[in-house]
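Just so it is clear, none of the values below were taken in a lab; they were calculated from the coordinates. These numbers were taken from a predicted model, which means no experiment stands behind them. Note that we place each Cβ from the backbone using ideal geometry, even for glycine, and neighbour counts take in every protein chain shown.
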Amino acid sequence: MDNPLYPAATAEIAKKREQLTPETLNAWRAFSRQVFSDGALPAKTKDLIAVAVAHVTQCPYCIHAHTRSALAKGATEKEIMEAIWVAAEMRAGGAVAHSALAIDLMNHQHRPE
């Protein structure tokens, strides 16, 4: 990832993370393996969900990792793009839904005449 805002996910960084908190990292890895394994949802579907969520949380590392993983599990480029569009709609939908707060305030705010 060549971006001045985000360092490349290097082996050196991974090693430092593991040195600082090995037990927590190992627990997280086990959790991640369990979450992304086949279950009621196929693993490919889980990675497509992760691609969508990564776009909402805007994590470039997650976008790369889960896009790569979804492709490896047989997801098509069209499936990945549709997942991204779902994410975009949900993110925009949150703004529309939360407009109820502003509308409610405007409806109940005393306005000087």
* Mind checking which of HIS55, ALA72, LEU105 is farthest towards the positive end of the chain's charge dipole, using Cβ charges of +1 (Lys, Arg) and -1 (Asp, Glu) about the Cα centre? => ALA72
* Please compute the net charge surrounding ILE84, taking Lys and Arg as +1 and Asp and Glu as -1 over other residues with Cβ under 12 Å from its Cβ. => -2
* Given Cα pairs under 8 Å that are at least 6 residues apart, what percent is the relative contact order of the chain? -> 19 percent
* Structure fact -> Largest fluctuation, HIS64, HIS98, HIS55 only, Gaussian network model of the chain with Cα springs under 10 angstrom, belongs to HIS98
* **About the Cα centre, charge dipole magnitude for the chain (Lys/Arg +1, Asp/Glu -1 at Cβ), debye** => 360 debye
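Apply 1/(1 + (r/R0)^6) to the Cβ-Cβ distance of GLN19 and GLN58, taking R0 = 30 Å, and write down the FRET efficiency to the nearest 0.05.
On the way: r = 28 Å, r/R0 = 0.93.
Given R0 = 30 Å and the Cβ-Cβ separation, E is 0.60.
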* Asked: Under a point spin-label approximation (7 Å from Cα along Cα-to-Cβ), what is the GLU77-ARG29 distance to one decimal in nm?
  -> 3.4 nm
* **Of ILE63, ILE13, ILE84, the one that fluctuates the most in a GNM where the chain has Cα springs shorter than 10 Å** => ILE13
* Neighbour-limited loop hits for GluC sites (Glu not before Pro), the stretch 1-40 (at most 15 other Cβ within 10 Å; DSSP other than H, G, I, E, B) -> none
* Asked: Say we join alpha carbon atoms closer than 10 Å with springs in a Gaussian network model of the chain; which of THR67, THR21, THR57 then has the biggest fluctuation?
  -> THR21
* Which one of ALA88, THR45, ALA8 is farthest out on the positive end of the charge dipole of the chain, using unit charges on Cβ (Lys, Arg +1; Asp, Glu -1) and the Cα centre as origin? -> ALA8
